[in-house]
Each structure stands twice: as C-alpha cells, then as structure tokens.
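Computed from the coordinates by the stated procedures, all read-outs in this text should not be read as laboratory data. These figures come from a predicted structure and were not determined experimentally. Every residue, glycine as well, gets a Cβ built from its backbone with ideal geometry; the counts of neighbours run over all protein chains shown.
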Amino acid sequence: MHIIWSTSRRCFLRCVRFAAWPLAAFLAACSPGAAPQLQGYIEGEYVRVAAPFAGKLQQLAVHRGDTIAAGAPLFALERENEDAARREAAERMRAAEARLADLRTGKRPTEVASVDQQLQRANATRDLSAAQLRRQQELYRAGFVSAAALDDARTQLKRDDAAAADLQAQVATAKLPARNQEIQAAEAEAKAAREVVAQSEWRLAQRAIAAPVTGRVHDTYYVIGDWVPAGSPVASLLPPGNLRARFYVPETQLAQLKIGQSIGLACDGCPAGLTATINFVSDRAEFTPPVLYSKESRGKLVYLVEARLAGGAATALKPGQPIDVTLAP
C-alpha cells in the first residue's frame, strides 16, 4: 500500500507542477504506456478581399458560409465614372491612330491630281515662253526688235522654268508620307493613348472583384448601398489549405520534433485518423506561467509549433476548435 501511494503521489505532484497545462493532457502523460498528448487549437489564415478604389457597393454575390470557386464574382462597386473614362480614352486613342495613318499615307489622290494639273499648265506656259524667245531671237537678228525686247523674252522663260520646277517638286512631295520626325511623334502619341486605354480598362476591372482563391466565405463586412473605402475588405475567404494546428511543446519534448513530421489530431466528435504535418517550430521559448528563469524552471519552457492539416482534417476541423495532439512515439 505504501509503495502504491508513493508512486501515485509522485505522479500527482508532477501533474500539479505543470498546472498551466490542461489537466487532461498531463493525466494522460501519467498513464503508463500512453502516447504523450498535447492540447492545441485550429487557426485559419483568412484571405481578405478588397478593392483598390473607393465606391458604393452595388453587388454582393456571396453570403456568409457560402463556398466559392476561384474566379467567381465576389462583389462589385459603382463603375459609371470609370466606364466613361474608358470610353473617352478609347476615342482619344482612335484619333491619335488616325493622325498617324494620315501622316504615313501622304496627301489624298485628288490633292496630288490638283498639283499635277498645275504642273501641266506651268509646263505649257514654259513651252510658250521658249517659243516666244526663239521668235524674238530671229527678229533681233533681222533687226526688227531691240535688245531689250529679247531680254524680256529670256526673263519670261526663266520665270516659267522656275514655276514649273516648283510645281514638279510639289507633286513629288504630295506623293510622299510625312517626315520621319513627324511620324515618330505621332507614333509616340498613339502609343501613349493606348496605355491610357489600358489604365482605364484596369481601373474599370477593379470595380468588379472576383474570388482570388477557392474557399468558404467566412464573413462579409458591407451590405449593398454602403460606401466602401479604398482597400477596405468586403469579404474574407478561408481556403481549405489555410487551416493549421497550433500547439505548444515542453522543452523536454522539443528534440522529438522536426519539420515534415506527421502528428495525430483528435477532437470532440471528429472522425478518427486526422493528421497534420509540422511546418514550423519556433526558436523562441516561452514560459507557461510568469516564473523566474532558473534551472529549476526549465520544465516550464514551451515552444510554439504549427502544422498544416492533411487529408480530411482540412474539412473536418474549424478555426478556434480545440484539439488533442499526439506526437509520433
């Protein structure tokens, strides 16, 4: 009897020493042959979806508790102003592209034909002046006209030659596109207009937000008609892969853990065989109660451990739910 009482008393005193830990876990540790159990809880990493611009909420396509697929409509803000800005940018882009096309093609065919007709008249006038000069030269040699009259005929021919050459250059210029510098400037203007259209389309797209991930709608924070500030979340989503188990391991059991290790999970009413994989072990120790740091208090040092849920655990467990963690023996 004395031996049995001494063993039970030592076990009881050891459980009392770790009073900060849940009693059930340490009573299980006192049972001979039982796998060590720790208590923890489930934590969710929520995706809070917001729009980068402010506006009145016009559409809310989900409700709390719904399951939504990635890319499905989530909510939409008023978009009249952004839609008008996009149309204006599109019109400006078309005007810039039309100016560029006009500079690349040169003058219209009718304009070229008009200048060509002027050139033909100038050539005819020059031919007439050349004939007049030849006659004046013959009359001058025969002594019927003065040298001054001959000089007038020569001057007239030179004027008509210059006019014909000018119109010939105008015809050649009319058939050419604009200068390279003008075309480059028009190309830059058209490119800038296209960028403005892209910006306006992006702003318009940001007024209707789709779900970035597949998950369950944890909560919605506004109703239709509310004014939503820029960057304020309208809904929060919880993807199945964003659940994790959190628990604390005593310093004496820290050497049993490693990244990638599988652990067992259990909870009230949950199916058997739930598991998780350790993906984080804190390198900072914490005290369970406020105590003085000494060699005698090392048994109260604990380390935070996080584990990603595997298999059916991701759907069976909920954020905030308490769990029992079993480490591999």
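Centre-to-centre separation between the Cα atoms of segment 67-129 and those of segment 205-256: 49 Å.
When all alpha-carbon pairs of segment 88-201 are counted, what percent fall beyond 26 Å? For segment 88-201, the share of Cα pairs beyond 26 Å comes to 51 percent. Potential lengthening of the chain between A208 and D166 amounts to 8.9 nm, from the contour at 0.36 nm per residue minus the alpha-carbon distance. Using R0 = 30 Å, the C-beta based FRET efficiency linking R308 and D66 works out to 0.80. Neighbour counts of other Cβ atoms within 10 Å put Y221, Y248 in the fewest-to-most order Y221, Y248.
Phi angles across segment 216-231 convert, under the Karplus curve 6.51 cos²θ - 1.76 cosθ + 1.60 with θ = phi - 60°, into 3J(HN,Hα) values of 9, 6, 6, 6, 10, 10, 9, 10, 4, x, 6, 8, 9, x, 5, x Hz, Gly and Pro given as x. What the Cβ-Cβ distance of S232 and N180 gives, at R0 = 51 Å and to the nearest 0.05, is a FRET efficiency of 0.50. Listed by Cβ neighbour count within 10 Å, with the fewest neighbours leading, R308, R244, R141 appear as R141, R308, R244.
For an R0 of 51 angstrom, estimate the FRET efficiency from the Cβ-Cβ distance between L257 and T105 and round to the nearest 0.05.
E between L257 and T105, to the nearest 0.05, is 0.10.
Database remark: amide H of L77 closer than 5 angstrom to the amide H of Q58, A208, I209 (H placed geometrically; neighbours at sequence offset of 5 or more, or on other chains; Pro and chain starts carry no H). For segment 44-109, the calculated P(r), taken from all Cα-Cα distances in 10 Å bins from zero up to the bin holding the longest distance, is 15, 28, 21, 15, 12, 7, 2, 0 percent. For D66, the residues 5 or more places off, or on other chains, whose built amide H falls under 5 Å of its own are V217. Near P319: Cβ cut-off under 11 Å, other residues only, Lys/Arg at +1 and Asp/Glu at -1. The net charge is +2.
Per-residue extension of 0.36 nm, minus the Cα-Cα distance of Q39 and L128, leaves a gain of 20.5 nm for this segment.
Taking the Cα centre of segment 88-201 as origin and assigning +1 to Lys and Arg Cβ atoms and -1 to Asp and Glu Cβ atoms, the resulting dipole is close to 500 debye.
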